[in-house]
1. I'd like the orientation of helix 272-282 relative to the chain: the angle between its Cα long axis and the longest Cα principal axis, in ° from 0 to 90, rounded to 10.
2. Rg and Dmax of the stretch 171-214, using alpha carbons, in Å: what are they?
3. Between Arg298 and Arg204, what FRET efficiency comes out of the Förster formula 1/(1 + (r/R0)^6) with R0 = 30 Å and r the beta carbon distance, rounded to 0.05?
4. Taking neighbour Cβ counts within 10 Å as the exposure measure, how do Ile81, Ile390 sort from fewest upward?
5. Starting from the 7 Å offset along Cα-to-Cβ, what nm value, one decimal, do you get for the label separation of Ser405 and Arg103?
6. Working only with C-alpha atoms, what are the Rg and Dmax values of the chain, expressed in angstrom?
7. Relative to the Cα centre, what is the charge dipole magnitude of the stretch 59-209, using +1 at the beta carbon of each Lys and Arg, -1 at the beta carbon of each Asp and Glu, and rounding to the nearest 20 debye?
8. Per-residue HN-Hα couplings for the stretch 100-112, Karplus 6.51 cos²θ - 1.76 cosθ + 1.60 at θ = phi - 60°, whole Hz, x for Gly and Pro?
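Taken together, the values in this text are just the output of simple stated rules run on the coordinates, not laboratory data. Everything numeric here is computed off the predicted structure, so don't read it as measured data. Because the Cβ atoms are built from the backbone with ideal geometry, glycine has one as well, and the counts that use them run over all protein chains shown.
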Amino acid sequence: MDGDAVSGKMVRQAPVNAAALAPHRRQPLRILLPSYRSHPYTGGQGVYIRHISRALVDLGHRVDVISGPPYPELDARVGLITLPSLDLFTQKNALRGLPRERRGNLTDWIEYLSHNTGGFAEPLTFGRRLVEYLQNHAGEYDIIHDNQTLCTGLLQLQRQGNVVISTIHHPITKDRAYAIAAQETAFFKFLVWRWHLFLNMQKRVARRLDNIIAISQSTHRDLISEFGLRPEQMHIVLQGIDSDGFRPMPKIPRKPNRLMTTASADVPLKGLVFLIEAYASLLPEFPDLELLVVGKLRDGPAAKLLNRLGIQDRVRFISDLDSEAICRLYAEATIAVSPSLYEGFGFPAGEAMAAGVPLVATSGGALPEVTGPDAVLTPPGNSAALAAAIAGLLRDPERRTELASRGRERMLREFKWSRAAEQLNDYYYQKLEAHAHHRS
């Protein structure tokens, strides 16, 4: 909800008369951005909600984010509506995670039972809470722009006459395929499959939504092949990169032999194991080479590999950093690496380039769209190729300087959040006009 950040005073605006928008598109809109998990340091969806909400406010719109925990960090001009979930992932004992006072709530029971049987129902239960909230706030928004919740509640809101749009960052079927392939036993493959059952809902909902935003050409293609979406449902709006927050810091001395990567979660899709393998193979030639990972080391594939290679003391993991602290680490890094097997967009790659660090990345998913010719690309899942590309840059300081400069220029030129917001702005008005025409 919109309101003064200090006093909490609510400010309401009547919905726009969409039929009157055709002569000009200057009237501010009331925009609701649903997002079931929204903290910017939990992944790309949180980064997106933080920056696109601010960029839409910059255009003069009234923007509210409605979110479950962990909650977003937002510009003071953006309203935040909190929809508390059981948040069972943070509970020490999830079996005790349904308080007595909430045991009469069906939505809470769905979340509780799904989590404790290996499922992930947060998108579904967030959608139920979203619909319940909007029943008491009908007509307050011109646009409901979902952030890849893809919950059944969106179909109900669309049937009720709301203009509903959903941004899809990439089809999670990609994550599921890589995660299942990485498991060593049939039982663990089953557990991964069980957790991803929410995908059945997401695919069904996406096919029935009228308006989908794909954030890259790669995502657009994959939504057709993986989700069965129709091209006429979709519109491509590339995301932006925070080139003000992620910027060169020339006063900070750069380390002579430090690799840096961002891996918020040790999941197979992010390809961290291939970077660790590449790093280990480089140590004979570059014995003082460091590897810094922005992320937590959990009990997973990366930890097992580090132990097997005997280099667990050579790789440093650091977490719970804000963007300013990450930018300072980029300023110290010799080379940034994005080893992902697949990315729907690739914020870490773009942020490294914006920070003026030469980048080695894979060609997985949309990464070539982000990097263009201004990074060294290797095939995904190929640690030998990754090692060769890193070694080539370590031996060539002039090329590192050139790539760093070109990468920064590309981010400033091609990936502005203001551009993304302006394209969404035009799309909103287009959909409102079509909606008004359809209803008249």
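1. So the helix axis and the longest Cα principal axis differ by about 20 degrees.
2. 12.8, 40
3. Efficiency for this residue pair is about 0.40.
4. Ile81, Ile390
5. In this crude spin-label approximation the distance works out to 6.9 nm.
6. 22.4, 72
7. Numbers: 18 positive and 14 negative charges, 118 e Å.
With Lys and Arg at +1 and Asp and Glu at -1, about 560 debye.
8. These are the phi-based 3J(HN,Hα) values: 4, 6, 10, 6, x, 9, 4, 4, 5, 5, 4, 5, 5 Hz.
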